[in-house]
Amino acid sequence: MHAAQLPKLAIVAVLVIGLLSAAPLAGAHAYLDESTPNNGEQLETVPDEISLSYTGDGIQVADVSVTGPNDGDIAGEAEIDPETRQSVTVPIEEAGDGMYLVEWEVLADDGHTTTGTFLFTVGDEDVDRDAVIASYEDGGGADISWIEAGTRGLLLASLAGLVGVAVTAVVALRPVVRHRAKRIDSATTQPDESQGITSGTDRRLLGLLSCLAGVLFISTVVFGIENIRDLGGITVDTAAEFLGTSVGRVWIWQLIWSLAAVGIVAGGWYGFLSQRGVLSGSIAAGVTTIAGLAYTSHSATSVDIVVGGVIGGAHLLAASLWAGGLFLVAVFLPRFEQLDGPNRSTLTAAFIRRYSVLALAGAAVTVGAGLVLGSWHAVGDAGLTSTTYGAVLAVKLPLVGVALLFGGYHRFVALPRLTGSSSSQRWGISQIRTDGGDNNTQPQSNLISRLHKTVRIELVVLVFVLLLSGVLTSAAPAVVAPTGDDFERATMETELDNDLVVSMTARSETAEAQQGELILGENEVVVFDVAFEQDGERVTAGESVELLATTADRETTFELELESDDGELYSAVTTMPRVENWRFRVTGEPGGAFESAWFESFVVPGFSEELAQSDPYEATSLTGPLPVAGVMIVLAGLLGAAYDAWLIRRRAGS
């Protein structure tokens, strides 16, 4: 590729990637949103079927088991709604009165498996408090598989390296060590120090591509095996089930192209392919694999597979130009440092200058698109502090900032020092000396050595960022992920005589203590815990501890029989039937004396079905502060890269 082509490529990149970065994005994973019956609900008769509704991605495979009072599985075959692909119904058999435990597992469009449990009872049997709490704590989580996360990280790092190395070799390395070296050789009879680079370029480049292609293929294989294992164990039936899904078919596509990358590099080693063919084939295999990852990414699988997939692919491709190209820079800088002739600094600067065009465009799109995606996937402070996705993102962003600082140092400090203060020496390699004189009086060897060290630091930071991205893409986006606080706890206390304190704790999806009132949700399961304390220690309150609930207008009253396993904590499970002001009266006999305490409460309307089924990504746009800042960064970076490319062309032609 000649310098004259760089401005055209940069302009195309501005138009294409700029448009991609302005596109909306979608969500990921599938999480249980609601069920019929509800978790902890008490029914009079056994229902004919159980229905589960999910938020986030569509469902590829669903497996639901229902254990009845007789400890047998009474569930039929789970059916996925073909239209929404977010609802599952399961017929069940009659198994009499008692507790029913529902365990579910679903494979979502993005390839992640989520699991959970809930329970309900039939008849007059009391609901088990501990079972309700346990079912909420396991009500739809997706613990990160660290094997999957690590494999994804290696896959992303090797893929970015494969694409970035090949593109940077075409745009920056080959024009410097071949075309320009030939120009020097034709202009002088002196030995050309660049021949040392030229002679070892093919072997070193093929070695680097071989490592990256090998890691890509191995991580792709392990990634598929891990997906099969998550689906139910590594068996022939499970593998066939996985390969029959769209996620499995995409994985086969990725496996073929990662194997093709290995074959292409092998063809280079055995002389079947030229260096140009190896680089072109590596780019094609890498970009095609990126397309497969984008198709099943967080950005594609919930709302729009085309728009979300395109922007996800553009995000990864941009990171490849920045981080992947740095692999090549780190490997080949020592070759330039070993040169002893007068053009060492000029050749090094030309190489870095051309790479910086790619790095500037790649970093701008990576950061800008990342701001947009972060504003959509991790909404609000809670999204950054209460979910794995947010925690990893909070670590990743400062590291990207560190890498940007090093990149800025290389572009605006180290590069001008290599080229000197003369602008004619700053933009290309047309000023190569052919008379044996040195272009700079500074100790260029020290400058290049220092540059090599800081490049390696930037590379290590970016590799760590890519590995963190593996964790990030294995976790659910904060906008749809359970925060771990779905079963809230709220406690109120009343102090009586003799330093006796009566406490009432409520656990439910919306439980909250607010201005002396206990806020609960209509028709949602509530676990009440009552305790009597004296001098900071719990005391027994006899066998007649009761909890009476009554509305402010006294039209509705019901009594809860509190049970205790240890004689100190008294519990009951119920649902609150009306939106109304309620009063709770706790009575007991701590120390043999009758005591009572009142607690105020308000029951708020429960979530409507329309709200429960709303799309968490429906309100995403580019009008917020972060998306606007992201788009501006993308445009500024791409315009800067186009300007640098134009300067290279102008200087090369002068």
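The values are calculated or read from the model by the stated rules, or taken from the named source; none is laboratory data. Values in this document were obtained by computation on a predicted structure and should not be read as measured data. FYI the Cβ positions are ideal-geometry reconstructions off the backbone, even for glycines, and counts take in every protein chain you see. What goes into the accessible areas is simple: the full protein's heavy atoms, side chains included, and nothing from ligands, DNA or RNA. Shrake-Rupley method; radii C 1.70, N 1.55, O 1.52, S 1.80 Å.
Here are a few things to note about the model shown:
- Extension gain from D97 to Q338, taking 0.36 nm per residue of separation minus the Cα-Cα distance: 78.5 nm
- When nucleic acids and ligands are ignored and a 1.4 Å probe is applied, K453 ends up with an accessible area of around 110 Å².
- Calculated FRET efficiency for the pair V221/F412, C-beta based, R₀ 56 Å, to 0.05: 0.85
- The residues of the range 501-559 have, on average, 48 Å² of accessible surface per residue, using a 1.4 Å probe with all protein chains present.
- With a Förster radius of 56 Å applied to the beta-carbon distance between E522 and L405, the computed FRET efficiency rounds to 0.60.
- Modelled spin-label separation between L548 and W598, with each label point placed 7 Å from Cα along the Cα-to-Cβ direction: 1.1 nm.
- Calculated FRET value between V539 and E563, using beta carbons and R₀ = 25 Å, to 0.05: 0.90
- Order by protection proxy (mean Cβ within 10 Å, highest first), peptides 363-371, 59-67: 363-371, 59-67
- Amide H contacts of L43 (H built 1.01 Å from N, under 5 Å, at least 5 apart or other chain): T121, V122, G123
- Amide H contacts under 5 Å for A78, placed H, 5+ residues apart: V64
- Annotation: extensible slack from S51 through T494 equals 155.3 nm (criterion: 0.36 nm per residue apart, minus Cα-Cα distance).
- Looking at the range 57-96, the accessible area is 53 square angstrom per residue; that uses a 1.4 Å probe and ignores ligands, DNA and RNA.
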